[in-house]
Every structure is written in structure tokens, then in C-alpha cells.
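Here's the structure we're looking at; comments come further down.
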Amino acid sequence: MNIILFGPPASGKGTQAKVLKEQGMKHLSTGDMLRSEIASGSDFGKQINEIISKGNLVSDDIVNELIRKNLSPNNNNIFDGYPRTIAQAESLAILLSENNQKIDLVINFEIDREELLGRIAKRFIEQGRADDNPESFSIRLDEYMKSTLPVLEYYKEYKIVAPVDAMMAVETVSAIISAHMGWIDMA
Ligand code: B4P
């Protein structure tokens, strides 16, 4: 099964992806891949850092290529933070079809802005991630509304979107995702 974890920044996608990874799925986080390029200190990483720390999206070509290089052929991918634009969603559909795969389920993390601001303020204090400062985070949320939310409409056409109340505790969110996956398995 291929799953997309979809939602605004800091809604908890990465947290849930780690739970699914422990169950044997392949975790594909474009955010983690980009941060690891930054950590390598390469010139490319420095260019990426300029974009991310301001809260902007990196180019579709860069993240599409990262996904192409890391996709598991075994139909067990968790896409975390990808696709974030319609162009990325279209690229992913082509890539999966070349591998005789498709997206089976899109989990939509529903959460309000106040909760996001609280989580990000906490993470900024704990981890000091440059893109978690209040100015960059506000740009990230605007970018989500403008470029990423239309991707949800794209997947709704395929009737594969399932909601989760991402305001609940981590374990509760995991249980709901697990139930959605069970229903897909039975279908
Ligand atoms: P990401 O790395 O994807 O964003 P994130 O903010 O880490 O979101 P996530 O939803 O995973 O939050 P988390 O679980 O950590 O992207 C970073 C940047 O990379 C983007 O802004 C962009 O510039 C670039 N980028 C990445 N992908 C791209 C793409 N496809 N195209 C273009 N650019 C791209 O949770 C947040 C916090 O909440 C944590 O501290 C966690 O402990 C806490 N939390 C989680 N679940 C909780 C719960 N249920 N209750 C309470 N707290 C919870």
C-alpha cells in the first residue's frame, strides 16, 4: 500500500510516518532528505538552506528527483510532506505508474492554526530549526494554503482521502490511521 500523509507543516505527519516505518513501510520525507543535504555542507545544501529557512518551497524538479531516487518498488511507501504542489502530484502519478503502483490512501491531517503555532513554538525552543521561527512559519502556512491545499482536491477526485483529527494524542492519531489502512485492505 502507498500512503500520502497530507497536512499543514507541524500537523504531525513526520511523527506518524515514524510509527508506520516501524511497521516495515518505507518512509519518504522530502523535508528530511533536504535537511540531510543541508547537513552535508555541500554548495547544493547551502542553496536549499537559503530557500527553506525563509519558509519557501524548493523547486518541484529537486523534490521529484529525490523521490524518484528513493522510491521503494515494493508498493509500501509513505510519502511525508510530498507532493506539495499539483505538479509534484502529477509527477508522482507518472512515476508510480511506471512501477505498476498507485496511491491507495491519502490521510488528511485536520488541525487548527492555534495548535500549529503552539507546536511550532515548542519545537523552535527544543530543536532551533531555522524554518520554525515565527516569520518563516507564517510564510510556510501561507504557502500551504496557496500551493498545497489544491493537491487535496486533486486526490478527492479519486475518492482516496480519509480524514484524521490531528489535534488528538499521537497514539490516537496512529490508531485512526491504522483503521483507515485496514478498511483499504478489506476493500
Ligand atoms: P517538512 O519537514 O515536511 O515539515 P514539518 O514542519 O516537519 O511537518 P510535520 O507535519 O512532519 O511535523 P512533525 O511531525 O515534525 O518540511 C520542511 C520544509 O522543507 C518545507 O517548509 C519546505 O521548504 C521544504 N520541503 C519539504 N518537502 C517539500 C516539497 N515536497 N516541495 C517543496 N519543498 C519541500 O510535528 C511537528 C511537532 O508537533 C513536533 O514537535 C511533534 O513532536 C509535535 N506533534 C506531532 N504530533 C502531535 C500530536 N498528536 N499532539 C501533540 N504534538 C504533536
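The values are calculated or read from the model by the stated rules, or taken from the named source; none is laboratory data. Everything numeric in this text was worked out from a predicted model, so none of it was measured. In this analysis, Cβ positions are derived from the backbone assuming ideal geometry, glycine residues included, and neighbour counts consider all displayed protein chains. Keep in mind that these areas ignore ligands, DNA and RNA; they rest on the heavy atoms of the full protein, side chains included. Shrake-Rupley method; radii C 1.70, N 1.55, O 1.52, S 1.80 Å.
Assorted remarks:
- Consider the stretch 51-106 and keep the residues that are of a type in the set (S, T, N, Q) and under 23 Å from E22 (Cα atoms). The one that is surrounded by the most Cβ atoms within 10 Å (Cβ to Cβ) is N77.
- Checking S136, S178 one by one, the residue that is assigned to a helix (DSSP H, G or I), out of contact with any Asp or Glu (no Cβ under 8 Å at 6 or more places or on another chain), surrounded by 16 or more Cβ atoms within 10 Å (Cβ to Cβ) and not acidic (D, E) is S136 and no other.
- Note on the stretch 139-175: residues that are within 19 Å of E114 (Cα to Cα), part of a loop (DSSP other than H, G, I, E, B) and open to solvent by less than 40 Å² (accessible area, probe 1.4 Å) total 1.
- Cβ pairs under 7 Å, 6+ apart, first in the stretch 90-111 and at pLDDT below 95, second in a loop (DSSP other than H, G, I, E, B): N99/L71; N99/P73
- Number of the exception - V19 against (1) open to solvent by less than 30 Å² (accessible area, probe 1.4 Å); (2) closer than 25 Å to I111 by Cβ; (3) in contact with a helix residue (DSSP H, G or I) (Cβ under 6 Å, 6 or more places away or on another chain): (1)
- Tallying residues that are near the ligand (Cβ under 8 Å from one of its atoms) and within 15 Å of V58 (Cβ to Cβ) within the stretch 125-135 yields 1.
- Selection status of E114, within 10 Å of the ligand (Cβ to nearest atom), open to solvent by 70 Å² or more (accessible area, probe 1.4 Å) and not in a strand (DSSP E or B): no
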